[in-house]
């Protein structure tokens, strides 16, 4: 036997269906038993209708379910290039550090061996 409880599948209604339910519900006077019948028929609660009305009052263009939490920000098109350039910069900085260290070692070796730095040759004739 399966001891796990499964989540209840709630009906997924389109914006048009939700608006039709609201219109039908509001067409009956307050306290009319047909209002309760509409809710039972669609598996809804009055609180859900209240949320739909509230979203309509706020100017929502759609009554579809909204995801909880903050609205995700659109991806910055330059973010990938920025990250690539930062990696390349770090790589080049590392190469520069190594090259500087090698040049310093070569200078010290030349000094220890008594070699003078090669003077630039004049190409004048």
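The values are calculated or read from the model by the stated rules, or taken from the named source; none is laboratory data. As the structure is a computational prediction, the values presented were derived from the model and not from experiment. Backbone-built Cβ (ideal geometry, glycine too); neighbour counts: all protein chains shown.
Answer yes or no as to whether residue 56 is surrounded by 10 or more Cβ atoms within 10 Å (Cβ to Cβ), in a helix (DSSP H, G or I) and modelled with pLDDT of 85 or more. Before you say what the answer is, go through the steps one by one.
Values: surrounded by 10 or more Cβ atoms within 10 Å (Cβ to Cβ): yes; in a helix (DSSP H, G or I): yes; modelled with pLDDT of 85 or more: no.
No, not satisfied.
Within the group 120, 77, 70, which residue is at pLDDT 80 or above, surrounded by fewer than 10 Cβ atoms within 10 Å (Cβ to Cβ) and more than 30 Å from residue 15 (Cβ to Cβ)?
When all the criteria are applied, what remains is 77.
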